[in-house]
Amino acid sequence: MSEPIDEYFRSGVLAPPPGGGLPASGGLPAGLTAERALALFDAQLGSRHLDLAARALGSRGDGFYSIGSSGHEGNAAVAAALRPTDPALLHYRSGGFYLARGAQLPGQSPLRDVLLGITGAVDEPISGGRHKVFGHKDLAVIPQTSTIASHLPRAVGLAFALERAAKLGVTSEWPADSVVVCSFGDASANHSTAVGAINTALQLGFRGLPLPLLLVCEDNGIGISVRTPDGWIEAAYGNRPGLRYVDADGSDLAATLAAAEDAVRWVRTRRSPVFLRLRTVRLMGHAGSDVELAYRGAGEITADYARDPVTRTARLLIDAGVLTPEQALRRYEDKRDEVRRIAEDAVGRRRLASAGEVTAPLAPSRVDRVAASAASTAAPEARLRAFGVGTGGQLPERGAALTLAQAINHGLADVLAKDPGAVLFGEDVAVKGGVYGVTRGLRKRFGAARVFDSLLDEQSILGTGLGMGLAGFLPIVEIQYLAYLHNAADQLRGEAATLRFFSQGQYQNPLVVRIAGLAYQRGFGGHFHNDNGVAALRDIPGLVVACPARPDDAAAMLRTCAAAARQDGRVCVWLEPIALYHTRDLHEPGDDGWLARYPDPAAGRRRTCRSGAAGPTATAQT
Ligand SMILES: Cc1ncc(C[n+]2csc(CCOP(=O)(O)OP(=O)(O)O)c2C)c(N)n1
Ligand SMILES: [Mg+2]
């Protein structure tokens, strides 16, 4: 026994039962069998000892992550209330959840997964040694970044997508009656990303759309050193229209399980979101390096141990006569030994050794498959319908020369016609047909379930796309002006572009982000509508940035972006130069020199551009 927390556990377990004398043997609360309680206790013990092992490994220089779940182990009961196929986007303190879920599927070794993450081993099943995250493809746990709350928009998008996939017959890896679970901290609940995502969820519900989302706020009352005012989470989320609020004491296993089961039942049957507030404590500070005494009094820190969920579950089992105190202590020590053994093995494992290895999953490029996919189209009849031309009409490649805007419109129509999972959305894209008319007519031809207007929140637009990409869609989303990408850039940089990285491509979010941008106007909009801030995109690893100038290039490049998203899971930013949308002439008025025929997709297209004698060369290909 080395840490004070061990002593608290021991003395809590050995303390005489309430009222003194022999254990009450009154049994467990209704709804909690001995078998289930013991399984959850096992997950809680595992999570606790992972935290202790992470610290020990860190002090030896063998471990690289020490943010733990101690005090939050009640979240194991949330996993128990869910199915192992329910997609989970987890807070970094949801260790109990991860272990409990791992135990729901035979053949899993969740303790090992976490330890391999802590030691940065290549065998770690999700990120392959790139970062310690909770994630596992077989366990439907989607890895998250360290950016707090950045996963909420994706979670909302995924919940939205599950229903849309069922409606449109899009094949998704998630069962149609899944519940998306998303956990986060109390301080994170204040982040605009969380606030915006929850607002989006509520607005979707308000419009009568189903949204099977379980939000779990693991409320330990503090974010690093900053206290969340007492009662704030309830004040902010306890009474929101369309959001059921459930509160549970996370140190009470039976109460947490009952509340989680109630919440999950509600979400699964009503397809409507629930906010589950799990009251927790944060034991052992924010992370291994955190000197908690610098900002909290010793008495306050010590008082939290009375709410330690692991000790409380042990007491529950002892007081119910399921375990003796000695058996509870034995289990505690046995789990410590088990974790230690696995940790020693994890330390010896190979780590990523080169920059090439680290970055390998970022930007796959199966050029031939992408080219073949870009050249394939829907059948001619379907294409005619997609272009709004009746039978007997002409396919666009045989039609008149087009402007850039018309060529993009046709390119989008081709993608939508070919790929039943392609969806197009953003502000004003549907009913109005885009601020510049680029998407005009597409809603009518492809239906409001595939071409729709979003609410005015760029983080939610991108996040919805990220969730939909995970559910089998090819989202083509629009950000109205490049300047307005910047307030949501993390959804692109931190979320979209890194999912392949943190999951070695096991999860991907194919995405095409259409952005109207670049300088164009005289006298309107100032720099916000004339933004050339492409540099903000150019250092995002793995991102494809495409910017057409000519109508014929545009159609071909757009189809290539869609193909790269579909075939390689790529995230493509498709920058549309507003100045050229409706440009017709090249040299003099009326020469129509900037118009071009729609290129025949089947013919493929490759064009090499040179800038100056010794300048860079770019090859565009479909
Ligand atoms: C967007 C962002 N800002 C700042 C941080 C640094 N940071 C990491 S954890 C944390 C506090 C989070 O508190 P809370 O959400 O309550 O979770 P807890 O750690 O208490 O479980 C902060 C500020 C971050 N990771 N992401
Ligand atoms: Mg907190």
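The values are calculated or read from the model by the stated rules, or taken from the named source; none is laboratory data. What you see is a predicted model; the values in this text were computed from it and never measured. Please note: Cβ atoms are built from the backbone with ideal geometry, for glycine as well, and neighbour counts cover all protein chains shown. SASA here: full protein model, heavy atoms, side chains in, ligands and nucleic acids out. Shrake-Rupley method; radii C 1.70, N 1.55, O 1.52, S 1.80 Å.
Here LYS432 is the anchor, and the lysines within straight C-alpha reach of less than 26 Å, apart from those fewer than 8 places off in the same chain, are LYS167, LYS418, LYS444. Excluding ligands, DNA and RNA, the accessible surface per residue across the chain is 39 Å² with a 1.4 Å probe. Let me make sure I get this right: for region 221-348, a, b and c are the square roots of the gyration tensor eigenvalues over alpha carbons, sorted descending. Under 1.5 in a/c it's rounded, otherwise prolate if a/b > b/c, else oblate. Which is it? Oblate, because a/c is 1.5 or more while a/b does not exceed b/c.
Calculate the translational D of region 423-473 in whole µm² s⁻¹ from Stokes-Einstein, where the hydrodynamic radius comes from the Kirkwood formula applied to all Cα pairs, the temperature is 37 °C and the viscosity 0.692 mPa s. Could the numbers behind the result be given before it?
On the way: Rh = 11.0 Å.
Taking Rh from Cα pairs, D becomes 297 µm²/s.
Relative to the longest principal axis of the Cα atoms of the chain, the long axis of helix 192-206 lies at roughly 80 degrees.
Pop out the carbon and sulfur fraction of the accessible area of the chain as a percent, whole number, probe 1.4 Å. Before the final figure, lay out each step's value.
Working: 12920 of 24140 Å².
Reported share for carbon and sulfur atoms: 54 percent.
Excluding LEU243 itself, calculate the net charge of residues whose Cβ lies under 14 Å from the Cβ of LEU243, where each Lys or Arg counts +1 and each Asp or Glu counts -1. Mind showing how you got there, number by number?
On the way: positive: ARG240, ARG244, ARG270, ARG271, ARG277; negative: GLU234, ASP247.
It works out to a net charge of +3.
Applying the Karplus relation 6.51 cos²θ - 1.76 cosθ + 1.60 with θ = phi - 60° to region 30-39 yields 3J(HN,Hα) values of 4, x, 10, 7, 4, 4, 5, 4, 5, 5 Hz, where x marks Gly and Pro. Shown in residue order for region 439-456 are the 3J(HN,Hα) couplings computed by the Karplus curve 6.51 cos²θ - 1.76 cosθ + 1.60 at θ = phi - 60°: 9, 4, x, 6, 5, 5, 7, 10, x, 6, 7, 10, 10, 9, 7, 9, 7, 8 Hz (x for Gly and Pro). Per residue, the average separation of C-alpha pairs within less than 8 Å and at least 6 apart gives the chain a relative contact order of 15 percent. If you take all other residues with their beta carbon under 12 Å from the beta carbon of ARG566, and give Lys and Arg +1 and Asp and Glu -1, the sum is +3.
The H on the amide N of ASP247, modeled in the peptide plane, is under 5 Å from the matching H of ARG277, each at least 5 residues off or on a different chain.
Annotation: amide H of VAL451 within the under-5 Å range of LEU424, sequence separation 5 or more or interchain, hydrogens built in the peptide plane. For region 119-206, what class follows from the C-alpha gyration tensor (a ≥ b ≥ c being the square roots of its eigenvalues): rounded when a/c is under 1.5, otherwise prolate if a/b is larger than b/c, else oblate? Oblate, since a/c reaches 1.5 and b/c is not below a/b.
Counting only heavy atoms of the protein chains and using a 1.4 Å probe, THR302 has close to 60 Å² of accessible surface.
The Cα center of region 44-67 and the Cα center of region 258-286 differ in position by 26 Å. Rounded, prolate or oblate, given the Cα gyration tensor of region 379-440, with a/c below 1.5 counting as rounded? Oblate, since a/c reaches 1.5 and b/c is not below a/b.
To the nearest ten degrees, helix 404-418 and the longest principal axis of the Cα atoms of the chain are 60 degrees apart.
Taking the chain, the Cys residues with no second Cys beta-carbon under 4.7 angstrom are CYS182, CYS217, CYS547, CYS609. Maximal additional length on extending the GLU234-THR147 stretch stands at 29.0 nm, based on 0.36 nm per residue less the C-alpha distance.
From the helices alone, meaning DSSP H stretches of at least four residues, give me the mean residue ellipticity at 222 nm for the chain, per-run term -39500 (n - 2.57), in deg cm²/dmol to the nearest 500. Please list the in-between numbers first.
Values: 21 runs with 240 residues, N = 622.
Value at 222 nm, helices only, nearest 500: -12000 deg cm²/dmol.
Straight-line reach only, C-alpha to C-alpha below 15 angstrom: list the aspartates and glutamates that LYS132 could link to, leaving out same-chain residues fewer than 8 apart. Within the straight-line cut-off, LYS132 pairs with ASP51, ASP62, ASP113, ASP123, GLU124.
Can you tell me the orientation of helix 325-347 relative to the chain, as the angle in degrees between its alpha-carbon axis and the longest Cα principal axis, to the nearest 10? So the inclination is approximately 40 degrees.
Taking all protein chains as shown and a probe of 1.4 angstrom, GLU427 keeps an accessible surface of around 20 Å².
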